[in-house]
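This report concerns only the one structure given below.
The values are calculated or read from the model by the stated rules, or taken from the named source; none is laboratory data. Predicted, not measured: the structure shown is a model, and the values here were computed from it. Glycine gets a Cβ as well: all are built from the backbone with ideal geometry, and neighbour counts include every protein chain shown.
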């Protein structure tokens, strides 16, 4: 089993803004990929244990939105996991 490679990407083209943003294209290892299929999408709340007792929302708690997608440049389709940090809006890409 290979270890997934994680690379931050600042070049993600998304449809929508903020929490409604959905990735359409991205750059990975210098190549531009177009998303063909979204295999799954989910949200993870981060740091919930920090606010259980007081109920105060902290925007830096690590919440993020994630997608598993099939994407391809010219050639074979590859599976990636794309993550968007809800607080900073920064994108992270993992090859699966």
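The table that follows gives values for the structure above.
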read-out: The range 17-54: number of residues that are at pLDDT below 80 and either assigned to a strand (DSSP E or B) or at positive phi (or both); value: 3
read-out: Every residue from the range 74-93 that is at pLDDT below 85 and either surrounded by 15 or more Cβ atoms within 10 Å (Cβ to Cβ) or part of a strand (DSSP E or B) (or both); value: 85, 86
